[in-house]
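Written out below as structure tokens is the structure these notes cover.
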Amino acid sequence: MGDGPIPAAKNICFVGAGFVGGPTAAVIAYHNPQMAVNVVDLNEQRVAAWNSAHLPIHEDGLLKVVRIARDGTLDTTVALSGIGQPVQLKARQPNLVFSSNVVEAISEADVIFICVNTPTKMQGVGAGSMADVSAVESATRTVAQHARAGAIVVEKSTVPCGTARMIQDILRHYRPDTGFEVLSNPEFLAEGTAVENLMHPDRILIGSAQSLAGLRAATVLKNVYAAWVPSARIVTVNTFSSELAKLVANTMLAQRISSINAVSAMCEEIGLGADVDDVSLAIGKDLRLGSKFLQAGVGFGGSCFEKDILNLAYIAREMHLDVVADYWLSILKINEDQRQRFARNVVHGLNGSLRGKKIGVLGFAFKDGTNDTRNSIAVHIIKDLASEMPREIAVFDPGCAPAEVLEEVEKIGLSAEQMARIRICSGWRDCMQDASAVCILTQWKQFRGRRLGNPAGPAGKVSKPRGRGFAARPQDACLSEMSIIDLEKLSRQEVSAPSDDPLGRLKPLPPCQDGCSQCGNGHRGVQSQDAVDWVEVAGMMQEPRWVFDGRNVVNHVELQGLGFRVRGIGKGVQSR
């Protein structure tokens, strides 16, 4: 990029329509209606899902954002008592496209995001620790062959330090006479609240070469986010620092979880009423520490934390920093011990044997608010419990399709005899009927119970309403989406009936084809969403009616009053 005015990006391409590329592209398109945003993926089934009413990713608020950007909106006039005159909202044209037209989308783009998977290597050098960047290499080769001169390439995937340099080397190999700038723009999304994180990010991190061309490229990307993110929250650094910051951020978040889980183990052994929630509350009041990520539980799962810790430790080991590598790996050892202790407690609570007994498992997704089952804590615990050969392990998750759960369970290496004892349920009643014990492994709010009081400890996340208030002129028909969100808040205050479209902007969803598999019994939309009735459950389960609360979700005292035996995480007195 030469001297002169910094050009605005008019066309953006996302290579990869997964958990990062899809939502990020949707929110960027949502806030930049003048910009063409293309998301390309070779998986045609995934592309079809993004173009349907059944998105491949379950995230609160995502479908509405996708519909507005992908389908456009209708003309509508809004009349509210709090505004002096009606506001006319013009129809918005679609500017988000999901397709498999990889070459065409790349060749037209000003900015190209690489958002492909980088799993842990399972074979060869660095197996079990090193990130596998082969998909990044493959995507970069495609970009190098088809991108227009001067296009900006952005690594969005979580990658090892130095990947930007690798991307630059590949680009130079294929196009030695063409200048490309490579930026690092790591995502900091928490699954379950990804849309909220994208709408109101703590920070946007952009790493670039510290040259004039690199800084100009960073400014182009900064201006894309500036459509809705305050400038003070957009941080620019060099590429290596950006790559390292992503790995360290996830590792330090996991470190906090393992730290409080280590405290929970001590509380359980100390007894005398020691309660990890009390300890968490006390230390969370210290402003130097804060209260986030201090909720003890059965451990962390998901596709990011473990992978990034292993990657960071591998990098330290390669630099001969063995003490540093061991320090990071100790986070995973605590996490593994936490889930193994939980499984042992289940066995011990049932007199050392699960034979002839049914175990109910509430929750399979690695956290609430998402259907992501990758590296779920539940998978590991089910494997440990299955080794005890119980009569049945019944699993229910309100956010996951039974087929998704079964597919993940089949990967954990159970024998045919063990697999025959696993049953995936579509409702909590079926899951807990005749069970001797139930294990709560995901903090879905439905599991708290509709007839009981507040849970004994923190559970679930409730997004706080945010916004700057409706400040646009009523006669202005070209409102930003953030201003329209404020209008929706005003509308909801006047209309009691809840609606995802209070202003009547959304176009109808595209119809499903006949025989749509997502509309059938395997779709998460038909899963039971009603809250667990623990009074009813008390009459359904068999003695000793254990509740092993791996997320401190339920009110332990009230469940004990119903005749349950309850064991939570980090509770010094075991209830009997």
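The values are calculated or read from the model by the stated rules, or taken from the named source; none is laboratory data. All figures in this text were calculated on a predicted structure; none of them were measured in a lab. With ideal geometry, Cβ positions are generated from the backbone for all residues, glycine too; neighbour counts draw on all protein chains shown. Note: accessible area is taken over every heavy atom of the protein model, side chains too, but ligands, DNA and RNA are not part of it. Shrake-Rupley method; radii C 1.70, N 1.55, O 1.52, S 1.80 Å.
Could you tell me the calculated FRET efficiency between Arg355 and Gln493, based on Cβ-Cβ distance and R0 = 41 angstrom, to the nearest 0.05? Mind showing how you got there, number by number?
Working: r = 57 Å, r/R0 = 1.40.
Taking R0 as 41 Å, the efficiency between Arg355 and Gln493 is 0.10.
To the nearest Å, what is the center-to-center distance of the range 107-150 and the range 188-232, using C-alpha atoms only?
After rounding, the separation between the Cα centres reads 20 Å.
Report the extension gain between Arg148 and Arg203 in nm, rounded to one decimal, defined as 0.36 nm multiplied by the number of residues separating them, less their alpha carbon distance.
16.8 nm
With each label point set 7 Å from Cα along the Cα-Cβ vector, what nm distance links Glu536 and Val323?
The modelled label-to-label distance comes out at 5.9 nm.
Give the Cα extents of the range 1-143 along the principal axes, in whole Å, largest first.
Sorted largest first, the three principal extents are 68, 43, 26 Å.
How would Met266, Met122 rank on accessible area, largest to smallest, probe 1.4 Å?
Putting Met266, Met122 in descending order of accessible area: Met122, Met266.
Relative to the Cα centre, what is the charge dipole magnitude of the chain, using +1 at the beta carbon of each Lys and Arg, -1 at the beta carbon of each Asp and Glu, and rounding to the nearest 20 debye?
Rounded to the nearest 20 debye, it is 740 debye.
Tell me, in nm to one decimal, what length is gained between Gln513 and Gln210 on full extension, where the rule is 0.36 nm per residue of separation less the Cα-Cα distance?
Residue separation times 0.36 nm, minus the Cα-Cα distance, leaves 104.0 nm.
Count the DSSP beta bridges whose two residues both fall in the chain, then state the antiparallel fraction as a percent rounded to the nearest 5.
Within the chain, antiparallel bridges account for around 15 percent of the total.
At 1.002 mPa s and 20 °C, plugging the Kirkwood radius over alpha-carbon pairs of the range 94-209 into Stokes-Einstein gives what diffusion coefficient in µm²/s?
Translational diffusion coefficient: 138 µm²/s.
Please compute the Cα-Cα pair-distance distribution of the chain with 10 Å bins starting at 0, giving whole percents from short to long.
3, 16, 25, 25, 20, 9, 2, 0
Stretched out fully, how many nm does the piece from Gln340 to Asp500 gain, at 0.36 nm a residue minus the Cα gap?
Here the answer is 53.4 nm.
Could you tell me what percent of the DSSP beta bridges with both partners in the range 143-256 are antiparallel, to the nearest 5?
10
For Trp328, what accessible surface area do you get with a 1.4 Å probe? Give it in Å², rounded to 10.
Near enough 40 Å² of accessible area.
Reported to two decimal places, what Rg/Rh ratio describes the range 293-340 when computed on Cα atoms with Rh from the Kirkwood expression?
On the way: Rg = 11.7 Å, Rh = 11.4 Å.
Over the Cα atoms of the range 293-340, Rg/Rh equals 1.02.
Under 19 Å from a label point 7 Å along Cα→Cβ of His348: give me every residue in the range 245-261 with its amide N that close.
The answer is 261.
Per residue, how much accessible area does the range 56-213 show when a 1.4 Å probe rolls over the protein heavy atoms, in square angstrom?
41
Counting just the Cα atoms, what span does the range 168-268 cover along each of its three principal axes? Round to the nearest Å and put the largest first.
65, 32, 22
If you roll a 1.4 Å probe over the chain with all protein chains in place, what percent of the accessible area is carbon or sulfur?
52
P(r) for the range 255-361, please, calculated from all Cα pair distances in 5 Å bins and given in %.
Cα pair-distance distribution for the range 255-361, in percent: 2, 11, 16, 17, 17, 16, 11, 6, 3, 1, 0.
Could you tell me the extents of the range 108-153's C-alpha atoms along the three principal axes, largest first, rounded to whole Å?
38, 15, 11
As an exercise, identify the trypsin sites (Lys or Arg not before Pro) in the range 332-395 lying in DSSP coil whose Cβ has no more than 11 other Cβ atoms within 10 Å.
In loop regions of the range 332-395 (DSSP not H, G, I, E or B), the sparsely surrounded trypsin sites (Lys or Arg not before Pro) are Arg355.
Given R₀ = 56 Å, FRET efficiency for Asp177-Thr77 by Cβ-Cβ distance, to 0.05?
That gives a FRET efficiency of 0.55.
Applying 1/(1 + (r/R0)^6) with R0 = 56 Å to the Cβ-Cβ distance of Ala8 and Glu407, what FRET efficiency is obtained, to the nearest 0.05?
It comes out at approximately 0.80.
Could you give the accessible area per residue of the range 265-390, probe 1.4 Å, as a whole number in Å²?
Accessible area per residue, the range 265-390: 45 Å².
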